[in-house]
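The values are calculated or read from the model by the stated rules, or taken from the named source; none is laboratory data. Just so it is clear, the structure is predicted and the values come from calculations on it, not from any experiment. Please note that ligands, DNA and RNA were not included when accessible areas were found on the heavy atoms of the full protein model with its side chains. Shrake-Rupley method; radii C 1.70, N 1.55, O 1.52, S 1.80 Å.
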Amino acid sequence: MELYLDSANIQEIRHVASLGIISGVTTNPSLLAKEDPTVDARSRILEIYESVGGHLSVEVISTDTDGMLREADDILTWFPDATIKIPMIPAGLAAVKELSRQEVPTNVTLIFTPTQALAANNAGATYVSIFLGRLDDISADGIQAAREVCEIWEAQALESLVIAASIRNPLHIIECAKAGADIATVPYKVLMQSLKHPLTDAGVESFLNDHRKMMDAKQKIGA
Ligand code: E4P
């Protein structure tokens, strides 16, 4: 399962990209607004694109098909391999159908059920993003929804790539990988948390202590 970073923070993106563990970035209007509401979206997106170089999903804000298509055309002038992120609404599906005809990659976002995912796939979406955390937030079962989508994808050999989104904790990453999601897009904090284990830190510390002891002992005998 590939990992994307779900962020519009340039420091976070550069840091995680330098670790070599992500192959793309997903953004949305809320993530962009959280960073700096005054920043020009185009320049921020280009900065992100230059920092990672892989997949970059850029979300439209129109709610009508023509508006979404106009925005997609504009985004594609920023950088030609943009993935256009489209909300899972009927007008969005029509936009996905047209963008798919033009062979423009699309990421259908705000998917909460397998039927929404199926419809997005059938409209020609390149990626379908199933939101786990927001389901958990309303006491539904996000992991179960992701499992069902993956089970259907396997049974039907569907083409869209499944992105596990709205990830809230490392368990979400593990369960989505087990279910067979193609990608998980993960916030910085959760991604960094998923790399840590107290025994790893304790192990590094004790190896360094023992190495230091060995060096001291050698120094004492002048070796
Ligand atoms: C996915 O592409 C979205 O940007 C993201 O995962 C939304 O997650 P949230 O529920 O944490 O806002």
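Quick check: the angle from helix 65-78's long axis to the longest principal axis of the chain, C-alpha only, nearest 10 degrees? Result, in degrees: 40. Against the main long axis of the alpha-carbon atoms of the chain, helix 10-19 sits at an angle near 60°. For the pair Glu154 and Lys218, the difference between a 0.36 nm per residue extended length and the Cα-Cα distance amounts to 17.1 nm. Among the lysines of the chain, pairs that are 8 or more positions apart or on different chains and have alpha carbons within less than 28 Å of each other number 9.
Sorting Leu3, Leu99 by solvent-accessible area of protein heavy atoms yields Leu3, Leu99, largest first, with a 1.4 Å probe. Each residue of the stretch 160-173 was assigned a 3J(HN,Hα) from its phi angle through the Karplus expression (A = 6.51, B = -1.76, C = 1.60, θ = phi - 60°), giving 4, 8, 8, 9, 7, 10, 6, 7, 10, 7, x, 4, 4, 5 Hz with x at Gly and Pro. On C-alpha positions alone, give me the angle between the axis of helix 41-52 and the longest principal axis of the chain, in degrees, nearest 10. That works out to roughly 50 degrees. A straight line joining the Cα centroids of the stretch 164-223 and the stretch 90-137 runs 34 Å. Solvent-accessible area of the chain (1.4 angstrom probe, protein heavy atoms only): carbon and sulfur portion equals 55 percent.
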